[in-house]
Every structure is written in structure tokens, then in C-alpha cells.
Amino acid sequence: MSTQFEIEDLHREPKRGALLHLNNASARETSLLTRFDRLIGSARLALFVQPSAALLLAFEQSDDYDGGHFLWFRGRFDRFLYVDRVIVAEAYRRHGIGRLLYAHLLERAGGLGHTRVVCEVNLDPPNPVSDRFHAALGFVEVGRATIENSAKTVRYLAANL
């Protein structure tokens with residue numbers, strides 16, 4: 001497998017079925033999507049790596065999005081870029097794609113005038129790989145929430161640019 005990966009704009013990609021499948025295969029860590037095209041249309045950043053190796057969706061505080069975690073941040077911060085989901089296909093993990101996507105995201109966030117990038121990571125069920133990944137990038141906990149009738153607890157994280 002080549003280690004050369006190129007980030008592309010998902011807004012311009014008409015063939016999204018494989019990426020929706022990638023997302024829904026990781027629903028335990030993220031969430032099941034039924035309105036994929038609408039989310040992409042609303043997202044400030046919609047990125048992917050071919051061949052359906054990874055995707056990332058991020059929203060600015062003023063974007064038309066009603067996700068509960070996004071709204072949690074909107075209620076606490078005036079300006080931010082929220083990472084709704086980043087998913088790397090299992091066959092492509094441990095090849096640096098997550099870091100590549102986040103490097104691109106952080107660069108774009110600064111270019112858009114943001115000083116803060118935010119996200120959430122599962123605490124229960126645990127996601128230690130994501131915890132380590134975000135900590136290495138300078139994300140710190142800014143809150144917690146228990147959701148889905150106490151089936152899931154998330155940590156809200158923020159990184160200052």
C-alpha cells in the first residue's frame with residue numbers, strides 16, 4: 001500500500017456511497033448517518049482520502065447544524081471549528097492519515113480565523129486510541145456529558161491554535 005495520500009474536498013465528490021458505508025461501519029464510535037449529503041452541504045470542511053480511506057466533517061459555530069455535541073459547544077464558545085467526525089478505514093489505520101487530516105484541518109482553521117478547534121471523544125464506551133491521538137495534538141477536556149439514556153459518556157475537548 002502506498003503511503004502517499006491526498007486530501008480531497010468532499011463537497012465536490014458526487015460518489016459518496018462508500019464513505020457513508022465507512023461512517024456507518026464506525027457508528028459505535030461516531031453515529032449512524034442517514035442525512036449524509038445534507039451534513040456535507042452544511043459542513044465548513046468536508047474532507048476525504050481516496051479510495052474511501054478516510055473522511056472528516058467539521059462545522060463552524062454559525063453553520064446550519066443541529067448535532068447535540070455541536071450545540072453544546074455553541075452554547076459555551078463564541079467562535080470555534082467543531083470536528084463532528086473523523087473516520088479512517090481499518091485497512092488504512094496506522095498510516096498517518098488521521099494526523100494528515102488534522103494537520104490540514106488545523107491549518108484551514110487558522111486560515112478561517114479560528115483560534116479554537118473542538119470535538120468530543122467517547123469516555124464510555126472508551127476510545128483510548130482517540131484519547132491519545134487528541135492529547136498528542138494538544139486537546140484538553142473542557143466538559144463531559146452522558147447521553148443516549150446513560151449508554152454513552154463523552155468528553156468535550158478543545159485545542160487552542
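Table: residues versus (1) at pLDDT below 95; (2) in contact with a Phe, Trp or Tyr (Cβ under 7 Å, 6 or more places away or on another chain).
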residue: L123; (1), (2): yes, no
residue: P126; (1), (2): yes, no
residue: H134; (1), (2): no, no
residue: A151; (1), (2): yes, no
residue: Y156; (1), (2): no, yes
residue: N160; (1), (2): no, no
Filter region 53-73 down to the residues that are farther than 15 Å from A109 by Cβ and touching a Ser or Thr at 6+ places or on another chain (Cβ under 9 Å) and list them by number.
D64, Y65, G67
Regarding E90, is this residue at pLDDT 95 or above, over 13 Å from the mean Cα position of the chain (by Cα) and of a type in the set (D, E, K, R)?
no
Looking at region 69-102, which of its residues are touching a residue at least 60 places away in the same chain (Cβ under 8 Å) and in contact with a helix residue (DSSP H, G or I) (Cβ under 8 Å, 6 or more places away or on another chain)?
F80, R85, I87, A89
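Answer with yes or no whether T146 is in a strand (DSSP E or B) and open to solvent by 40 Å² or more (accessible area, probe 1.4 Å). Write out each step before concluding.
Details: in a strand (DSSP E or B): yes; open to solvent by 40 Å² or more (accessible area, probe 1.4 Å): yes.
Taking the combined requirement at face value, the residue satisfies it.
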Without any contact (Cβ under 8 Å) to a residue 12 or more places away in the chain and acidic (D, E): does that describe E107?
yes
Test each condition in (1) under 20 Å from R132 (Cα atoms); (2) more than 14 Å from the chain's Cα centre (by Cα); (3) not small (G, A, S) for E107 and report the one that comes out false.
(1)
Top-ranked residue in region 115-161 [being farther than 19 Å from V88 by Cα and among the acidic types (D, E); ranked as farthest from the chain's Cα centre (by Cα)]
E148
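The values are calculated or read from the model by the stated rules, or taken from the named source; none is laboratory data. This one's a predicted model, so the numbers in the text were calculated from it and none came from an experiment. With ideal geometry, Cβ positions are generated from the backbone for all residues, glycine too; neighbour counts draw on all protein chains shown. Note: areas computed on protein heavy atoms with side chains; ligands, DNA, RNA excluded. Shrake-Rupley method; radii C 1.70, N 1.55, O 1.52, S 1.80 Å.
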